[in-house]
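One structure below.
A short reminder: the numbers here are calculations on the coordinates, not readings from a lab. Predicted model, so just to flag it, every value in this text is computed and none were measured. Counting neighbours? That spans all protein chains shown, and the Cβs are built from the backbone with ideal geometry, glycine included.
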Amino acid sequence: MIVVAIDGPAGAGKSTIAKALAAKLGVRYLDTGAMYRAVTFAAMTSGIELSNQDLVAELTRKSKMLLTDETVMINGLDATTAIRSSEVTGAVSTVAANSQVRTELRERQRQWIADHNGGVVEGRDIGSVVFPDATLKVYLTASPIVRAKRRVAQSGGNVDEIAASIASRDLQDSSRSDSPLTQTDDAITIDTSDRSIDEVVAQLVEMTDQRSSKTA
């Protein structure tokens, strides 16, 4: 069973690269960040204060979530577009810092891999916590200005404002007490600032093949 864990900060290219890599390897792709965003969306639409950790955790445990490569459904609602809104983006770090939510979603992520017999999983604690024995661990990064420009190209906005928002998110994700964004010693670091998607994916396909052949 092949499990590729891709971690890194916002705007590093995780989703694009993870999707393309999964297609090349012939396995499924899971965006764990979308899971936290879906919970954030569900809590906000239910009128639950995100600071109320117990209520948000209860909502998470009761939620029915379905993720495909293209869509995110939670409790029967299509949240695919809504979870990428500025409101959810600005609030998701609060939910992601909730240890009870992380415990629930980690178990769902592990079950997802078991159900799909492997896959490419991207997030911020995949190689460090969720799948410490992954076939390949990758830490994607890019310069702050490149990351900001990518976000503006995707969703619009002001580069300086987006850069400040990304820096704030980085600080929250890397300083939280439960499963902070971190790079493990055995992860391969790739800076995507000046590299094409195809180039990075080709490298990861080769590395995955090498790792999987060693463990076969």
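Here are some notes:
- Stretching the chain fully between Asp194 and Gln100 yields a gain of 30.0 nm (0.36 nm per residue, less the alpha carbon separation).
- Restricting the trypsin sites (Lys or Arg not before Pro) of segment 58-159 to loop positions (DSSP other than H, G, I, E, B) with no more than 12 neighbouring Cβ atoms within 10 Å leaves Lys64.
- Simple spin-label estimate for Leu171 and Asn75 in nanometres, 7 Å along Cα-Cβ: 3.2
- Rg/Rh, computed from the Cα trace of segment 31-117 with Rh as the Kirkwood radius, has the value 0.93.
- FRET efficiency for Ser46 and Asp178, using Cβ-Cβ distance with R0 set to 22 Å, rounded to 0.05: 0.45
- Charge dipole of the chain (Cα centre as origin; +1 on each Lys and Arg Cβ, -1 on each Asp and Glu Cβ, all else neutral): 220 debye, rounded to the nearest 20.
- Checking the Cα-Cα distances for Lys149/Lys214; Lys64/Lys137; Lys24/Lys64; Lys64/Lys214 against a 31 Å cut-off, the pairs over it are Lys149/Lys214; Lys64/Lys214.
- Here the sum of -39500 (n - 2.57) over DSSP H runs of 4 or more residues, divided by the residues of the chain, equals -17000 deg cm²/dmol at 222 nm, to the nearest 500.
- Summarising the label geometry, the points placed 7 Å from Cα in the beta-carbon direction at Asn158 and Met207 lie 3.7 nm from one another.
- Calculated log₁₀ intensity ratio I(q)/I(0) where the Debye formula runs over C-alpha points of segment 69-128, q = 0.16, 0.26 Å⁻¹: -0.67, -1.36
- Coarse-grained scattering of the chain at q = 0.10, 0.12, 0.15 Å⁻¹, given as base-10 log I(q)/I(0) from a Debye sum over alpha-carbon atoms: -0.41, -0.61, -0.97
- Alpha carbon centroid spacing (whole Å) that separates segment 1-80 from segment 145-161: 22
- Rg(Cα)/(2.2 N^0.38 Å) for segment 96-216, N = residue count: 1.18
- The GluC sites (Glu not before Pro) of segment 1-73 that meet both conditions, a loop assignment by DSSP and at most 10 other Cβ atoms within 10 Å of the site Cβ, are Glu70.
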